[in-house]
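The values are calculated or read from the model by the stated rules, or taken from the named source; none is laboratory data. Model, not experiment: these values are computed from the prediction. Reconstructed Cβ throughout: ideal geometry from the backbone, glycine too, with neighbour counts over all protein chains shown.
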Amino acid sequence: MVIWARQKGFTIVELLIVIVVIAILAAITIVAYNGIQQRARDTKRKDDVAEVAKLVQMYNVDKGTMGTGSGCGNGNGAGWLNYTYAGYTSMMDCLKTTTNTTTNIQDDSINCGQVTTCHAYMQYTCTLAGQTVTYIYANLEGGTHNGDEVDGTCAPNNDTLYGMNYYVKVVDS
């Protein structure tokens, strides 16, 4: 009489099933983690834009004019927040100097140019319906990128040229 003793252990099929299940769970975790990081970066960008809007309001109180004025940004107080255009002071430096703040909001505008994937900030001031308005723009990773996100603002092409899809409006009081 032969008695077969069953050996203990896992078969190759069982091991492969376990490995596949672990790989699926790891993939789900990585995707969820990346989404959380993106939302965190976008929240930081929204906070930065709100802080710049407060600095613009302080600038308005100190100087009696909206935006950052001539000599800042691209010469007329518009453009990338941290970019130093030839012969002019960056808008962030103008805001820091005028408002006597140590706030230093940094973004990627030093390296942007006309790149729609650059997650940076821009500022434009204009007169709409007889009222001086400054817009602070941001390019968020999340949200829509339809090309009509900033229509009706000072720079309606910022969405298609630079990918801006979020803004805060600062009105002259």
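Observations on the structure shown:
- Conditions (1) modelled with pLDDT under 85; (2) surrounded by 15 or more Cβ atoms within 10 Å (Cβ to Cβ): number failed by ASN34: (2)
- So ASN60, is it assigned to a helix (DSSP H, G or I), among the polar types (S, T, N, Q), in contact with an Asp or Glu (Cβ under 8 Å, 6 or more places away or on another chain) and modelled with pLDDT of 80 or more: yes
- Residue check, LYS96 modelled with pLDDT of 85 or more, of a type in the set (D, E, K, R) and loosely packed, with under 15 Cβ neighbours inside 10 Å: no
- First in the range 119-147 and assigned to a strand (DSSP E or B), second anywhere and basic (Lys, Arg) and surrounded by 15 or more Cβ atoms within 10 Å (Cβ to Cβ), Cβ under 9 Å, 6 or more apart: TYR121/ARG45; ALA138/ARG45
- Restricting the range 154-173 to residues that are out of contact with any helix residue (DSSP H, G or I) (no Cβ under 9 Å at 6 or more places or on another chain) and either part of a loop (DSSP other than H, G, I, E, B) or touching a residue at least 60 places away in the same chain (Cβ under 8 Å) (or both) leaves a set whose member that is surrounded by the fewest Cβ atoms within 10 Å (Cβ to Cβ) is ASN157.
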